[in-house]
Amino acid sequence: MEKFLEELNEEQKKAAKTIDGPILILAGAGSGKTKTITSRLAFLLSIGIDPANTLTLTFTNKAANEMRERALKMIGNISYPPLLCTFHKFGLLFLKFHIDKIDRKNNFVVIDGDDKKRIIKNLGTELPVSLVASEISKYKNSLISPKTAIEKAIQPNYKIIASLYKSYEEYLAKNNLVDFDDLLSLTYKILDENPELCEQTSQRYKYIMIDEYQDTNELQYKIVKKLCSTHNNICVVGDDDQSIYGWRGANIKNILEFADKFENTKIIKLEKNYRSTKQILKVANDLIEHNRGRLGKKLESTKGDGKEVELIDSENETTEANIISNRVKKLIDKGVSPNEIAILYRINALSRSIEEGLNRNSIPYKMVGGVKFYERAEIKDLISYLRVIANPNDDFSFKRIINRPKRGIGKVTIDKVAKAAYDNKQSIHGFLSSNLDNMQSIIKSKKSLEEMKKFIKDLKRLSKSVQNSTYEFIDKLEETFHIKEYYYNLPDSIDKVANIDEFYGLFRDFVVSNPNASIDDFLNDITLQSDQDQIDNESISIMSIHASKGLEFDHLFVIGLEEGFFPITGEGSDIEEERRLGYVAMTRAKEELTLSCSSSRFYKGRRATLGKSRFLTECGICKGSLSLEKTTSFRKGDLVKHKIFGMGRVLEVNKIKREFKLHINFGGTKRDILASFVEKI
C-alpha cells in the first residue's frame, strides 16, 4: 500500500487517503488526475473496503478500462473487481435488474443513433431527422415527458417534434427498445419513483467517485444525489477551468456549487503541473484568471523554464498557413517526431487553409476527431452543385443534390428516374430536361413533380448566369437554393454554416485573383489543394480545441486568435466558456506554444479585416489599450477572516472599479469589505 502512495505528491496523497464525506478534488491540467483517483480507489480496496461497495463513474469506456487496470495493478489480486464504468453503462446494468418497476421486460434491446433516426424517419416528417432526434434527446435529458412537451410547445415545428416524440416513445415501449438517453432518464425515473429501491442502491454503493465532474449534466447530477441519499461519501474529480461542453448540456454549476450541495465538503487542489513549462503555464494562468465563474487555483510547473510563448501575426490565412507549415517542416527536419506536433483551431472551417498549407509543403497530417474540410457533407454538397452547373451530365453529383435541401423527392422516385434515363441512354439531367412535361408515369406525386421542374429550371438559370458574372454566381446559388438556411436547422449548425461561408469566401477570392477563370478551373484548383498523396505512419495532428482535450504535444500551434473566431462572439456565445477553451488549448503544450492571429480572413462568406483576440491581451502576449479586469477567487458562501472583525461568511460579491467588494456577515453584523483586506479560510 505504502509503495503506490509514496509516488504521490502531498496533495495527491491527501486526496487518495481522504475516505469519508464529500470531497472535491480540483485537478488542474497535467496535475496527475488519473494517477490520483486510481490511487484513491486502490487505497480504499487495500484497507478492506468491499469492492462491491464502490462505484466509480467516468465518461468514456477507455478511461474506465485504464483506471481499472491501474488500480488493480497497484494492489494485486482481489476476489472480484470494483464497478468502474461510464454513467450509461451503470444505467444499463441498473435497468437490467429494475426496468420491471416501470412494467418493461429486462430483455430490452439498446438502439444506437442510426436506429433512432430510422425509427423517426419511418414515423414520417418533413423536418430534418437529425433535428428531431436531437430535440428528443434534449427532452429526455431534461426529464420532459411527451405529454409535457406537447402541452408546452408553441412554435409549429416544436408542436410537430413533440408529437413525433410521443409516437417515438410509444414505438420504443411497444417493441421493448431503449435508446441511449433512456439509460439515464429511465434510471432516474425508477430511483425517483421507488424510494425503497433508491435507499437500497445508495446503501450498496457507499463509496462513489466521479471523474470529469465538470462535464456532468443536470440529469447526471440528479442521479448522483439519489445514489448519495443515505450517505455523503462522494468524491468528485474535475477542473472547472476545463468545462467546455456547455453546448451539449454540461452544467458547470455542478462543480462550482458542489460544496453548496454537499455539506462539509473537503476541497483539495492539485496545482502541480507535470506537463508544461513555466512560460506556457503563465499565459494559461493569466488568461483563465479573467473568468469570474471559477473556484480558483494556479498551476505551478514542475518542469521549470522553457521557451517564451510566441505570437505569429499574419496578413491573411494563406500566409499564416505557409509560416506554420514551414515551421513544422523545420521541426521535423531537426528530428522532432511529427506525432509530437499539433495545430488547434476553435472553428472547424479554419482547417481548410492549414490543410492546404501542409499539402503544399508535403507534410503528412491526420485530422483528429473530425473530417477533412473538402470531405465534410456540406462542402461536398456545394462542390456537387458546382459540378452539375459546370457539367449537367454528372449523374453522381446530380443524385447527391437532388434532395439537398429536401424537396420531398424520395429515393424510389430518384431510382426510377435514373433507370429511365439509363434506358434512354441519357444523363439524368438531360432526360428530365427533355421529358419534364411527360413524367407523370414515373413521378406520381404532383408536389414532387413540381419540385423537380423547379429544380431543373433553377439549374438552367444558374448555368446562364455564371456566363455573365462568375463573381456574383455564388450569391445567386445561395439565393436560389438556400443551402445555408437548410444547414441552420440541423445540429452543429454553427460549424456547418461557418464551413459554407469559408467555401463561399474561397470561391469569391479565387474569382478576384483569376477574373477569367471558369467554375471548372475553380473545381480543378481545389481538387489539387485537397489531394494528400503522402502515406506516412507518422503525421502531425490538426484538430479542434474540443477534440484536443486530454491530449498533449511537445510543439503546439493555436490559430485563429481573432475576435469573432476565438472567442466566438455574439448572441448565444459564452465568453467564460470561450476563455476556458483558450485555457484548455494552451495547456495541451508541453515544450513550445505558438499562438497565431491573422489580419484578414473569410468572415460570413466574405474577406474581412479582423481585430486581434482579447485573449492575446488577457494572457499577456499583446499589450492592450484597455486594462482588463481579473476575477476574484471569493464566492458567495465562502468563509473568510478579517484581522479586526474576525471570521465571517461572504453573502455577496460586487465589482467596484478594479477591486472586488464583499458583503460579509460577521456573526450577525454585516459589513462591506474590499476583497484584498480578507483571506479565505
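Some values worked out for this structure:
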{"item": "Lys, Arg +1 and Asp, Glu -1 on Cβ, resulting dipole of the chain about Cα centre, debye, nearest 20", "result": "1340"}
{"item": "Subset of 117/453; 411/446; 117/174; 454/476; 278/590 violating a 20 Å alpha-carbon distance limit", "result": "117/453"}
{"item": "Cα Rg, Dmax (largest Cα-Cα span) when computed across region 351-391, Å", "result": "12.5, 34"}
{"item": "Net charge, residue 101 excluded, C-beta distance under 10 Å - Lys, Arg +1, Asp, Glu -1", "result": "-1"}
{"item": "Protection proxy ranking of 384-393, 79-88, 349-358 - average other beta-carbon atoms within 10 Å, highest first", "result": "349-358, 384-393, 79-88"}
{"item": "Positive-end residue, region 185-293 charge dipole about Cα centroid, Cβ charges, pick of 202, 223, 268", "result": "268"}
{"item": "Dipole of region 504-618, positive end: most advanced residue of 567, 583, 526 [Cβ charges, Cα centre]", "result": "567"}
{"item": "Members of 33/62; 138/496; 297/641; 105/140 lying beyond 26 Å, as alpha-carbon distances in this model show", "result": "none"}
{"item": "Mean Cα-pair separation over length for the chain, i.e. relative contact order, pairs under 8 Å, 6 or more apart, %", "result": "16"}
{"item": "Neighbourhood net charge (13 Å Cβ-Cβ; Lys/Arg +1, Asp/Glu -1) for residue 65", "result": "+2"}
{"item": "Distance violations [Cα-Cα > 19 Å] among 189/226; 399/604; 35/272; 298/612", "result": "399/604; 298/612"}
{"item": "Relative contact order (percent, whole number), region 155-253, Cα cutoff 8 Å, 6+ residue spacing", "result": "27"}
{"item": "Region 44-115 shape via C-alpha gyration tensor axes, a/c threshold 1.5", "result": "oblate"}
{"item": "Percent of beta bridges antiparallel (DSSP, the chain, rounded to nearest 5)", "result": "35"}
{"item": "Relative contact order (%) - region 440-524, alpha-carbon pairs under 8 angstrom, separation at least six", "result": "22"}
{"item": "The chain, Rg to Rh (Cα coordinates; Rh as Kirkwood inverse mean 1/r)", "result": "1.00"}
{"item": "12 Å beta-carbon shell around residue 194, net charge (K/R +1, D/E -1)", "result": "-2"}
{"item": "Cα centroid of region 548-601 to Cα centroid of region 1-79, whole Å", "result": "32"}
{"item": "Whether region 274-346 is rounded, prolate or oblate, judged on the alpha carbon gyration tensor where a/c under 1.5 counts as rounded", "result": "oblate"}
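The numbers here are math on the coordinates, done by the rules we state, and not lab data. Please read all numbers here as calculations on a predicted model, not as lab measurements. Cβ coordinates were reconstructed from backbone atoms using ideal geometry, including for glycine residues, and neighbour counts include every protein chain displayed.
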